[in-house]
1. Give me the accessible area per residue for region 9-50, probe 1.4 Å, as a whole number in Å².
2. GluC sites (Glu not before Pro), restricted to region 54-127: which are DSSP loop and have at most 13 other Cβ atoms within 10 Å?
3. For Val548 and Lys18 in one chain, what is 0.36 nm times their gap in residues minus the Cα-Cα distance, to one decimal in nm?
4. Only one of the values (1) 20, 47, 27, 5, 1; (2) 22, 57, 20, 1, 0; (3) 21, 54, 23, 2, 0 was calculated from this structure for P(r) over Cα pairs in 20 Å bins from 0, in percent; name its label.
5. Rounded to the nearest 0.05, what FRET efficiency do Phe555 and Lys54 give with R0 = 56 Å and r taken as the Cβ-Cβ distance? Could you check?
6. As an exercise, use a Förster radius of 35 Å and the Cβ-Cβ distance of Ile46 and Arg159 to find the FRET efficiency, rounded to the nearest 0.05.
7. Where does the charge balance sit around Ile214 when Lys and Arg score +1, Asp and Glu -1, over other residues with C-beta under 11 Å from its C-beta?
8. What do you get for trypsin sites (Lys or Arg not before Pro) in region 26-55 restricted to DSSP loop and a cutoff of at most 10 other Cβ within 10 Å of the site's Cβ?
Amino acid sequence: MELLQIGIVIVILLLLVKPVGTYMYHVFSNEPNRTDRIFGGTEKLIYKIVGLKKLESMRWTTYVMSFIATNVVLVAISYLLLRLQGMLPGNPAGNSNMEASLAFNTVISFMTNTNLQHYSGESGLTYLTQMAFVTMMMFTSAASGFAVAAAFMRGLTRRGEGMGNFFQDFIKAIIRIFLPLAFALTLVLVGLKVPQTLQPTADLTTLSGTQQQISMGPIASLESIKHLGTNGGGYAGANSAHPFENPSPWTNVLEILAMWVMPASLPYTFGLFARNRKQGWIIFGSMMVLFLIFLSITYVSEKTGNPLIQTLGVDASQGSMEGKEVRFGIGQSALFTAVTTAATTGSVNNMHDTLTPLGGMAALGEMMLNVIFGGKGVGLMNMLMYAILGVFICGLMVGRTPEFMGRKIEGKEMKLIAIAILVHPFLILAPTALAFMSHWGYDAITNPGYHGLTQVLYEYASSAANNGSGFEGLSDNNVFWNMTTGMVMFFGRYVSMIALLAVAASLNAKEPTPVTTGTLRTDNKLFGAILIGVVLLIGALTFLPVIVLGPVAEFLTM
């Protein structure tokens, strides 16, 4: 039954990829289409209000500066909101101002589409900051990622047309994609009993006669953009394991599809940009093969259970149910775990700290590779980066100048790709080592031994991949963890994006080369296999030693 549920969700996703991918192409292609009649008037009004008179295509450097400048303004406003929230209206619970290092971490986290939370949503934020900061940032960070992905696709597939206009892409992403979808999903979630209210905390008397305070709030609206924007930040500390955020298997499936469908559809959008749908399907197929590998590891490991628990005489026929909700079971918990770490959402419906060692390794591996669907545009950009690397390696093997999308791959592009590939493992492994070398980092580890290593490794992998989920046994709300993870999130987001936009701009300026019998085709199954092999090879070379020291060693000692 659980496998049937998983299969049905995957089939629904496959049916949605083509229409959603086509719609996103119409949004970002800048070609006249029917969506202009629906949203064009609203967008023109916004352009007029903000003083955007010309929508000419930008150079890649101008595009990057516009992207960064917009993010800087949003960060400044958000930091002030968090530091002053205790004195602002919309605070019926009387929550205090956020501490400086935690505010820094939180602002960087939401601006980079990570949503790592070193606080509990119910007590750490007010109604105002949940709406004016969290929800606003969820829209803008996702729209920023989509805009950069659109520019990257234009750069790879078109010549001499520039990267597009950042502000136009940014506004289109919000107006034509996120706002209408979030509004519709909010109504559906409210119908499925997810709360949406501005009433203060409810005071209730329990069956045992004690008083309990139940935190309420505008939860449904946050849940919708949280998943559609692959943000992941929870209104409650328990995130999507909380019954208010995710009350039933129906809402669970909706939330899985919401965070999965747009990242999964972007390869098809790329195929339309490239005027080669097979190219898009090969990229999608490579991602799906990798996803199914990690999903299988997670499900089998969690279903097998913990042998140490079984030796105590506990009935473990349901699998490893520690940290999981009974209403979801192993199947929907494993699928949610695989999707949230593949799509770099970070939302959780079970506690990842209680996953079996191999289940935790699978979640960790998806973030380390950071190419399996990914967040808003990140997975596609990184997978295309590996595609270019695969073409380059094959070119070296046969002694031919490598080409991708009709452009020659030369030294400049490979240097930029090397930076993008190397910065990710550096941002994970270097801070992990630093945490074990300092008492500020080491004292936060609540589980000694191999699991403690995995806790630290997971925290930085989640930060570098802009995922946001965590092994919540880590006591990470202190200056050391707030500052180090904040910097990892920042550089993990911007360095690779800037480097890959530079690659796209470099290829965009080159003359196309004619296809010959010696040209390596990148739209067939052979190249899909090469692409998967390159991803796994680079991942193993960079992360296998530390994986062996953490989750693998823990598994072997069980």
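The values are calculated or read from the model by the stated rules, or taken from the named source; none is laboratory data. Model, not experiment: these values are computed from the prediction. Note that each Cβ is placed from the backbone with ideal geometry, even for glycine, and that neighbours are counted across all protein chains shown. SASA here: full protein model, heavy atoms, side chains in, ligands and nucleic acids out. Shrake-Rupley method; radii C 1.70, N 1.55, O 1.52, S 1.80 Å.
1. Ligands and nucleic acids excluded, the result is 62 Å² per residue.
2. Answer in residue order: Glu56.
3. Here the segment from Val548 to Lys18 would lengthen by 186.9 nm.
4. Only one option fits the structure, namely (2).
5. 0.45
6. 0.70
7. -2
8. Sparse-neighbourhood loop trypsin sites (Lys or Arg not before Pro): Arg34, Lys53, Lys54.
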